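Step one of this worksheet: look at the structure below.
The values are calculated or read from the model by the stated rules, or taken from the named source; none is laboratory data. From a predicted model like this one, the values you see are computed outputs, not experimental measurements. Glycine also receives a Cβ, built like all others from the backbone with ideal geometry; neighbour counts cover every protein chain displayed.
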């Protein structure tokens, strides 16, 4: 049995769906259902006998202890996190609570459970899902991030994730807890909350609203299709070396303006307007505070050691993503209402 945290969020939900599509092993999903958590993401599996949802918070230590005793999982996969950089700038406290305190509670509950195991102790894994943002920002000509890069987080969000990474590493070296850590680049795909770049552009374009882009639009990100990420996580869970971290990237570096114009071109083909292009809606807005210039992931370690490769390039992944949103407009619009109730001035 697998226990995941944050399984109603974007990456977590895709992992749960991908897992149940390929395995008969049960999966338990613990999620607090904050604004970005959505039960509708997993509506297709709510009656699956191998899936169970638990509504709860990772800072609730008593609940965590109860779950470990009741379900006896062979692995914990920790997705749960506050993840929006803008929100971390405006309200950092919740990021410290969830990303740092929550991870600490999970580590302690896992350690207590792991220490109670006998013959199955060697099989247990604590897999921590982190981000490339802990490494800071890259100049345009700098080598991509490797697992040996120093941590230089620049936002409250990335600082909170860096702190949680250090906790995970320390619990391995101090207590021997069998941990693994992954650092992914920017994910995209189905079920992404429409505060993030790609679903926000799609939602705004279809509504005829402005497509806001920070600064000059030349910030660079490496884009990773979410199913490729889910498959990489499974590879790390099954074959990763204890105490190691693995960078997961899509080998798809693009500037924000290149990405948005590509989305507009696909929408022009799939859902053309009466006149003009969706690119006419692009608007440049004041840049975000401390906006990192470039992220890029070097994935050679996971490719070489664990035989993982991304299957989608940006063109095929974007086409799949946009097709999904066009076929799920009601889901997107419902989440857009929820987003507006949290952050009425959404920007990219």
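Filtered by the rule that a residue be more than 23 Å from residue 165 (Cβ to Cβ) and loosely packed, with under 13 Cβ neighbours inside 10 Å, the stretch 104-120 gives 116, 118, 119, 120. Here residue 339 meets each of (1) in contact with a strand residue (DSSP E or B) (Cβ under 8 Å, 6 or more places away or on another chain); (2) buried (at least 18 other Cβ atoms within 10 Å of the Cβ); (3) farther than 18 Å from residue 249 by Cα; (4) modelled with pLDDT under 95 with one exception, condition (1). Taking the criterion of being without any contact (Cβ under 8 Å) to a residue 60 or more places away in the chain and either assigned to a strand (DSSP E or B) or over 21 Å from residue 144 (Cα atoms) (or both), would at least one residue in the stretch 218-236 satisfy it? Scanning the stretch 218-236 turns up no residue that is without any contact (Cβ under 8 Å) to a residue 60 or more places away in the chain and either assigned to a strand (DSSP E or B) or over 21 Å from residue 144 (Cα atoms) (or both). Filtering the stretch 272-319 to residues that are assigned to a loop (DSSP other than H, G, I, E, B), in contact with a helix residue (DSSP H, G or I) (Cβ under 6 Å, 6 or more places away or on another chain) and over 30 Å from residue 245 (Cβ atoms) leaves only 277. Checked against the criteria, residue 94 does not count as crowded, with 16+ Cβ neighbours inside 10 Å and not in a loop (DSSP other than H, G, I, E, B).
Of the residues screened, residue 27 is one that is modelled with pLDDT of 95 or more and touching a helix residue (DSSP H, G or I) at 6+ places or on another chain (Cβ under 9 Å).
Being over 16 Å from the mean Cα position of the chain (by Cα), over 22 Å from residue 80 (Cα atoms) and surrounded by 21 or more Cβ atoms within 10 Å (Cβ to Cβ) holds for only one residue in 145, 126, and it is 145.
Across the stretch 64-91, the number of residues qualifying as assigned to a helix (DSSP H, G or I) and under 19 Å from the mean Cα position of the chain (by Cα) comes to 5.
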